[in-house]
1. Would you confirm whether any residue within the range B:220-235 is within 23 Å of residue B:199 (Cα to Cα) and open to solvent by 70 Å² or more (accessible area, probe 1.4 Å)?
2. Could you please let me know if residue B:261 is under 30 Å from residue B:189 (Cα atoms) and either within 20 Å of the chain's Cα centre (by Cα) or in contact (Cβ under 8 Å) with a residue 24 or more places away in the chain (or both)?
3. Scan the range B:46-64 for residues that are in contact (Cβ under 8 Å) with a residue 24 or more places away in the chain, surrounded by fewer than 18 Cβ atoms within 10 Å (Cβ to Cβ) and at the interface with chain A (Cβ under 7 Å from one of its Cβ atoms) and report the count.
4. Given the criterion open to solvent by 60 Å² or more (accessible area, probe 1.4 Å), within 11 Å of another protein chain (Cβ to nearest Cβ) and of a type in the set (Gly, Ala, Ser), identify the matching residue among A:92, A:84, A:72, A:80.
5. Hey, among the residues in the range B:132-179 that are under 19 Å from residue B:98 (Cα atoms) and among the hydroxyl-bearing types (Ser, Thr, Tyr), which one's nearest to the chain's Cα centre (by Cα)?
6. Look at the range A:37-61 and say how many of its residues are closer than 22 Å to residue B:65 by Cα and within 10 Å of chain B (Cβ to nearest Cβ).
7. Criterion first (loosely packed, with under 12 Cβ neighbours inside 10 Å, at positive phi and without any contact (Cβ under 8 Å) to a residue 60 or more places away in the chain) does residue A:5 satisfy it?
8. Looking at the range B:65-79, which of its residues are farther than 30 Å from residue A:88 by Cα and open to solvent by less than 10 Å² (accessible area, probe 1.4 Å)?
Amino acid sequence: MLIYDIWFLFIYMFFVGNLIFVSKNKHLLVVLLSLEFIVLSIFFFFLVLLMFIDYDMYMLMVFLVFSVCEGSLGLSILVSMIRSHGNDYFQSFSML
Amino acid sequence: MLTNNNSNKMFFLFILFFSTLISISSNSWFGCWIGLEINLLSFIPLISNSKNLLSVETSLKYFLTQSLASINFLFMILIKFSLLKNFDMNNIISIMMNSSLLMKMGSAPFHFWFPNIVEGLSWMNNFMLMTWQKISPMILLSYYFNKNFLIFMIIMNLIIGSLGGLNQTSLRKLLAFSSINNLGWMIFSIMISENLWLFYFLIYSMMIFMMISLFFLMNMYFMNQLFINNMNFFIKLNLLINFLSLGGLPPFMGFMPKWIIINFLLINKFYFLTFIFMMTSLIIIYYYIRIIYSSFMFNYFKMKWVNLLMKNNMSLINLSSFISISSMILSTFIFM
């Protein structure tokens with residue numbers, strides 16, 4: 001059943017995305033990119049899952065809409081951070 | 001909270017309320033995830049409304065932790081769906097799902113964002129964060145929890161909530177650690193029965209509302225602001241009553257839900273857990289009393305040049321004191 005080795009790919013992608021998220025980066029944008037990478041891995045997983053059980057792909061579309069909303073929310077927070085701090089470095093967090 | 005000039009806030013507040021209802025009343029786990037996402041999407045505009053540096057940093061930290069938690073939650077939902085583990089609650093998948101929900105709530109060991117964010121929010125936003133935002137993760141937790149894992153998390157919550165508040169001078173962080181401690185009680189009450197959780201949650205949110213509205217009216221954010229102004233005796237008394245009620249001392253309202261939980265604990269022989277619940281409550285009451293006791297002793301501070309006039313709001317304060325003191329006795333009249 002070599003076709004079921006595809007599951008390992010999703011878990012690997014998911015864990016790598018999480019690893020980049022929690023790593024120390026210089027920019028905030030890297031963290032948001034890692035979030036999008038996790039979303040991509042879940043998209044792939046969802047796609048393969050729904051294909052295996054012969055469902056329609058509507059749920060996948062709903063998932064995609066919500067993930068895109070969340071990504072755009074992250075970007076808008078990035079924009080407001082650049083407007084107030086001037087950059088998106090993590091070193092400029094000093095308040096809390 | 002609703003009496004502000006911005007109609008955007010009312011819109012997002014409506015969507016916030018609706019998102020919790022979507023999340024807890026959905027037929028599938030995917031609907032729960034959708035509710036959690038809408039919750040995040042509508043809470044961020046509520047907290048990032050002012051134009052200072054603090055609110056940007058606060059909303060960023062909130063966004064990062066909550067989005068990570070909800071994406072992990074979705075991945076675990078998919079794995080659970082694909083491996084068909086719908087009724088087996090004692091495996092790694094339930095641990096992962098519970099972990100992501102605990103991260104959404106701000107419970108230990110995922111609590112590190114919570115005092116930071118509470119420090120950066122105004123009092124009314126704190127009230128929303130501490131009460132309403134905890135409803136949907138907790139109800140989702142009650143649908144698929146891992147008992148052994150959650151008991152360990154409860155112990156960590158209690159200990160971190162009590163010991164973390166000892167070195168705080170900011171009132172918001174103090175209430176944040178107290179909220180983490182009360183989360184421990186609430187998660188345990190979920191495992192007893194959901195009705196009990198609702199009872200505990202309602203009384204907790206009422207107590208937090210009284211405290212936060214008092215601090216909001218006096219515009220106080222730090223402990224040194226508490227007694228540097230010339231407070232009326234009834235405001236000090238109300239503060240004392242609210243703090244003791246939040247800590248769970250007997251004649252006040254906050255004792256009732258804790259009493260029921262302790263009753264259950266002792267009947268079912270959870271003796272070690274009872275010990276931890278009691279001892280951490282003692283530490284919490286210690287640092288509450290430490291704040292207010294010196295205002296009632298014979299030699300209390302009374303600055304004469306800052307006068308805190310609260311003529312118009314005294315009826316609310318007196319009403320809340322009355323409810324806190326007499327609700328245990330009045331409740332026996334209702335439930336007979």
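1. For the range B:220-235, residues within 23 Å of residue B:199 (Cα to Cα) and open to solvent by 70 Å² or more (accessible area, probe 1.4 Å): absent.
2. In short, yes.
3. Matching residues across the range B:46-64 total 1.
4. Checking each option against the conditions leaves just A:72.
5. Per the stated criteria, the residue is B:179.
6. 4
7. Taking the combined requirement at face value, the residue does not satisfy it.
8. B:78
The values are calculated or read from the model by the stated rules, or taken from the named source; none is laboratory data. The shown structure was predicted, so the numbers you read here are calculated from the model rather than taken from an experiment. Every residue, glycine as well, gets a Cβ built from its backbone with ideal geometry; the counts of neighbours run over all protein chains shown. Side chains are part of the model used for accessible areas, which takes the heavy atoms of the whole protein and leaves out ligands, DNA and RNA. Shrake-Rupley method; radii C 1.70, N 1.55, O 1.52, S 1.80 Å.
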